[in-house]
Amino acid sequence: MAQLSDLVNLNLTDFTPKIIAEYIWIGGSGMDIRSKARTLAGPVDDPKKLPKWNYDGSSTGQAPGEDSEVILYPQAIFKDPFRRGNNILVMCDAYTPAGEPIPTNKRCAAAKIFSNPEVEKEVPWYGIEQEYTLLQKDVNWPLGWPQGGFPGPQGPYYCGIGADKAFGRDIVDAHYKACLYAGINISGINGEVMPGQWEFQVGPAVGISAGDELWVARYILERITEIAGVVVSFDPKPIPGEWNGAGAHCNYSTKSMREEGGYEVIKKAIEKMGLRHKEHIVAYGDGNERRLTGRHETADINTFIWGVANRGASIRVGRDTEKEGKGYFEDRRPASNMDPYVVTSMIAETTILWNKS
Amino acid sequence: MALLNDLINLNLTDSTNKIIAEYIWIGGSGMDLRSKARTLPGPVSDPKKLPKWNYDGSSTGQAPGEDSEVILYPQAIFKDPFRGGNNILVICDAYTPAGEPIPTNKRHAAAKIFSHPEVEKEVPWYGIEQEYTLLQKDINWPLGWPQGGFPGPQGPYYCGIGADKAFGRDIVDAHYKACLYAGINISGINGEVMPGQWEFQVGPSVGISAGDEIWAARYILERITEIAGVVVSFDPKPIPGDWNGAGAHTNYSTKSMREEGGYEIIKKAIEKLGLRHSEHIAAYGEGNERRLTGRHETANINTFKWGVANRGASIRVGRDTEKEGKGYFEDRRPASNMDPYVVTSMIAETTILL
């Protein structure tokens, strides 16, 4: 075996029952993803059967040095597209040794909301459209853009092809297959309006799994860009000026919305969302004010408007939904750097649990 | 078969019974690994069935030119991840033709300690956390660091991902699988606090095998960095200043510590280690004074203190152990360039025999 890749790609299943589990968690900034691996005696497919673990929280801004253990609780398992075989990725959330979620753990509170009987009954579905920008390493300028300069204005790039229009497709395509391999519900990809910007969609995913799947998809994406020697950015407005920002539009429906008469339920839900516009915006991602300007297919951050087929609205309802009298709606406000645990649970809370009084 | 790779990856099992055995030993500096290969007539799984061999000790600073034969005694076998098939790696230690361990042979004395009945009874377990730094070849500057400059300060790199945070993951991942293939008890890996620095853990291993497995894992690591064109450093403080050093924290337990009431045994053992702090430190790796400063998650080299979940201590006891009243403790003092035969046997000796 001369090559590094021969060893990296070794299929261990012929030699040992042991597997490698990569435990993944969210670090102190709320957006930095961390992971480390451990050997387990044999294959595991139930997160409840995985051992808890711990990490040095003082190295991630999540604990002091003299009491640094942060405990990892395994929550979701996906197949590892990098190590393959029976090896797995494990999405975790973080707790103190006493069993309390640490402040940056947003999953715990979201899981509480999703296990509320009123919410469970409504079987909330999410389809999240994750946009992101690829940047050249070291210079942090978008991939494919000339150094010290700009490409031609937006127009040719959305779903475009060709070496002068699509930058980084190998990353995007590798990610698509890797996510499908992993068992993530990735539903599609497309090149975005700004050159070097792309989008993938995850869903429909039910309740808490929307957050789990999106975080693992983000993890796989950054592992792939690491291999490609490219940097991925989830900044909502990476380049100021006449260049689109990056969002994470959240498509949403409940059982009631999907059934006969659902459109009325949708309209009531949107009304409640409008009454809590400020609270949602605060939780929809840092720096979103640079993106939600009212231009570039966004609604201004201080305005709440909804409309059918309106990409300049805060919330958009598709023509199909209007025509069939049931379906789903799209919250276009969340930024690309939103936390899906926070956004998905907040939408469920506002539309199902919250009362105008 | 046009490419070199085709020949390197040839599976000989279809063509011949013969196997290749790579004999590995530690050279004159105590940290330089050496190896050479020989053909054997068929597969071997018991080191006692392997022939002794010899090498030119005058070329490794281990013997004078006029009497240069040093004898290799095979001690442990691992599957060869580079040659595949039935080929093997053999960890050896070195003796004079008269049968005396040469001065740099630390395994021999360690094996004596581990075969002492009092020690054998306690079934000592070791989990060693080997840290190391990857350096760019020729300039010896850490992998991923800009030439003539520094990356952003520590923070994002521990367990980090991304082309701007993790440097050399392919080496680390290749090493993980290669060690599992070889039969080494590698229990995990993680990216470390300093960019370009990584860690792997081996264990739990019993007694003398902890040392054999760490040396075999170090050998495989340096063979892999050789393939990658990168240099591996086990220096305990490769970059001075606000950059973490590299250690080889040694987790340890005995049968008594793992059973009911074990926490009291642990505390007594830690007390004994505290009384021999200077002796241990002298054996825990060259250059450790550059690393054990009291900052960067270390305790000062002249201070002995222990604590639960305290990464600034000489010895750390995990919260689980405290809670359950039994378990293990972590000696955080050994440097990345420590000799595991020396460290593991010394801990056993101090806590069990003295």
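The values are calculated or read from the model by the stated rules, or taken from the named source; none is laboratory data. Since the structure is predicted, the reported quantities are computational estimates derived from the model, not experimental observations. Heads up, the Cβs are rebuilt from the backbone with ideal geometry, glycines too, and the neighbour counts pull from every protein chain shown. Heavy atoms of the whole protein, side chains included, go into the accessibility calculation; ligands, DNA and RNA do not. Shrake-Rupley method; radii C 1.70, N 1.55, O 1.52, S 1.80 Å.
From the set of residues in the stretch B:104-133 that are open to solvent by less than 30 Å² (accessible area, probe 1.4 Å) and assigned to a strand (DSSP E or B), which is nearest to residue A:139 (Cα to Cα)?
B:133
Looking at B:192, B:213, can you tell me which residue is of a type in the set (Asp, Glu) and within 30 Å of residue A:233 (Cα to Cα)?
Of B:192, B:213, the one residue that is of a type in the set (Asp, Glu) and within 30 Å of residue A:233 (Cα to Cα) is B:192.
For the stretch A:37-51, how many residues are open to solvent by less than 20 Å² (accessible area, probe 1.4 Å) and at the interface with chain B (Cβ under 7 Å from one of its Cβ atoms)?
The qualifying residues number 1.
For the stretch A:69-82, state whether one or more residues are among the aromatic types (Phe, Trp, Tyr), at the interface with another protein chain (Cβ under 10 Å from one of its Cβ atoms) and surrounded by 15 or more Cβ atoms within 10 Å (Cβ to Cβ).
The answer is yes, given that some residue of the stretch A:69-82 is among the aromatic types (Phe, Trp, Tyr), at the interface with another protein chain (Cβ under 10 Å from one of its Cβ atoms) and surrounded by 15 or more Cβ atoms within 10 Å (Cβ to Cβ).
Note down all Cβ pairs under 6 Å where the first residue falls in the stretch B:209-229 and is surrounded by 21 or more Cβ atoms within 10 Å (Cβ to Cβ), the second is of a type in the set (Phe, Trp, Tyr), and they're at least six residues apart or on different chains.
Short answer, once both residue conditions are applied: B:210/B:126; B:211/B:341; B:216/B:78.
Scan the stretch A:277-292 residue by residue and report those that are of a type in the set (Val, Ile, Thr) and touching a residue at least 40 places away in the same chain (Cβ under 8 Å).
A:281
Quickly run through the stretch B:254-280 and pick out the residues that are under 16 Å from residue B:346 (Cβ atoms) and either of a type in the set (Ser, Thr, Tyr) or at pLDDT below 95 (or both).
Once the filter is applied, which keeps residues that are under 16 Å from residue B:346 (Cβ atoms) and either of a type in the set (Ser, Thr, Tyr) or at pLDDT below 95 (or both), the stretch B:254-280 yields B:254, B:278.
Give the residues of the stretch A:323-357 that are among the aliphatic types (A, V, I, L, M) and crowded, with 20+ Cβ neighbours inside 10 Å, sorted by residue number.
A:335, A:338, A:342, A:343, A:346, A:347, A:348, listed by residue number.
Restricted to the stretch A:56-73, and to residues that are hydroxyl-bearing (Ser, Thr, Tyr) and assigned to a loop (DSSP other than H, G, I, E, B), which residue is nearest to the chain's Cα centre (by Cα)?
A:60
What tally of residues in the stretch B:172-196 results from selecting those that are within 7 Å of another protein chain (Cβ to nearest Cβ) and assigned to a helix (DSSP H, G or I)?
Number satisfying all stated conditions: 7.
Report, ordered by the first and then the second residue, all pairs with beta carbons closer than 7 Å, sequence separation of six or more or different chains, a first member in the stretch B:293-322 that is more than 9 Å from chain A (Cβ to nearest Cβ) and open to solvent by 60 Å² or more (accessible area, probe 1.4 Å), and a second member that is at pLDDT below 90 and not in a loop (DSSP other than H, G, I, E, B).
B:322/B:308
Could you list all residues from the stretch A:273-310 that are over 25 Å from residue A:154 (Cβ atoms) and of a type in the set (Ser, Thr, Tyr)?
none
Please determine, by comparing only the residues of the stretch B:146-171 that are open to solvent by 10 Å² or more (accessible area, probe 1.4 Å) and either of a type in the set (Phe, Trp, Tyr) or within 28 Å of residue A:17 (Cβ to Cβ) (or both), which one is farthest from the other protein chains (Cβ to nearest Cβ).
Per the criteria, the residue is B:150.
Looking only at strands (runs of 3 or more DSSP E) that fall completely inside the stretch B:281-354, which ones have 2 or more residues that are at pLDDT below 95?
B:306-308, B:315-317
What's the total number of residues in the stretch A:83-103 that are closer than 14 Å to residue A:342 by Cα and surrounded by 22 or more Cβ atoms within 10 Å (Cβ to Cβ)?
Qualifying residue count for the region: 1.
Which one of these is within 14 Å of another protein chain (Cβ to nearest Cβ), of a type in the set (Asp, Glu) and more than 24 Å from residue B:50 (Cβ to Cβ): B:118, B:122, B:131?
When all the criteria are applied, what remains is B:131.
What number of residues in the stretch A:271-299 are among the acidic types (Asp, Glu) and either more than 19 Å from residue A:329 (Cβ to Cβ) or in contact with a strand residue (DSSP E or B) (Cβ under 8 Å, 6 or more places away or on another chain) (or both)?
Adding up the residues that qualify gives 2.
Of the numbered conditions (1) surrounded by 11 or more Cβ atoms within 10 Å (Cβ to Cβ); (2) closer than 15 Å to residue B:79 by Cα, residue B:33 satisfies every one except a single condition; which is it?
(2)
In the stretch A:1-36, which residues are of a type in the set (D, E, K, R), within 8 Å of chain B (Cβ to nearest Cβ) and either touching a His at 6+ places or on another chain (Cβ under 6 Å) or in contact (Cβ under 8 Å) with a residue 12 or more places away in the chain (or both)?
Across the stretch A:1-36, the qualifying residues are A:18, A:32, A:34, A:36.
Determine if the stretch A:9-25 includes at least one residue that is open to solvent by 60 Å² or more (accessible area, probe 1.4 Å), over 30 Å from residue B:4 (Cβ atoms) and touching a Ser or Thr at 6+ places or on another chain (Cβ under 7 Å).
Within the stretch A:9-25, one or more residues are open to solvent by 60 Å² or more (accessible area, probe 1.4 Å), over 30 Å from residue B:4 (Cβ atoms) and touching a Ser or Thr at 6+ places or on another chain (Cβ under 7 Å).
Only residues that are acidic (Asp, Glu) and open to solvent by less than 10 Å² (accessible area, probe 1.4 Å): list them for the stretch B:282-292, please.
Correct list: empty.
Among the residues of the stretch B:134-145, count how many are more than 25 Å from residue B:213 (Cα to Cα), open to solvent by 10 Å² or more (accessible area, probe 1.4 Å) and away from chain A (no Cβ under 14 Å).
Number of matching residues: 6.
Tell me whether the stretch A:198-217 contains one or more residues that are part of a strand (DSSP E or B) and within 16 Å of residue A:24 (Cβ to Cβ).
Yes, there is a match, as at least one residue in the stretch A:198-217 is part of a strand (DSSP E or B) and within 16 Å of residue A:24 (Cβ to Cβ).
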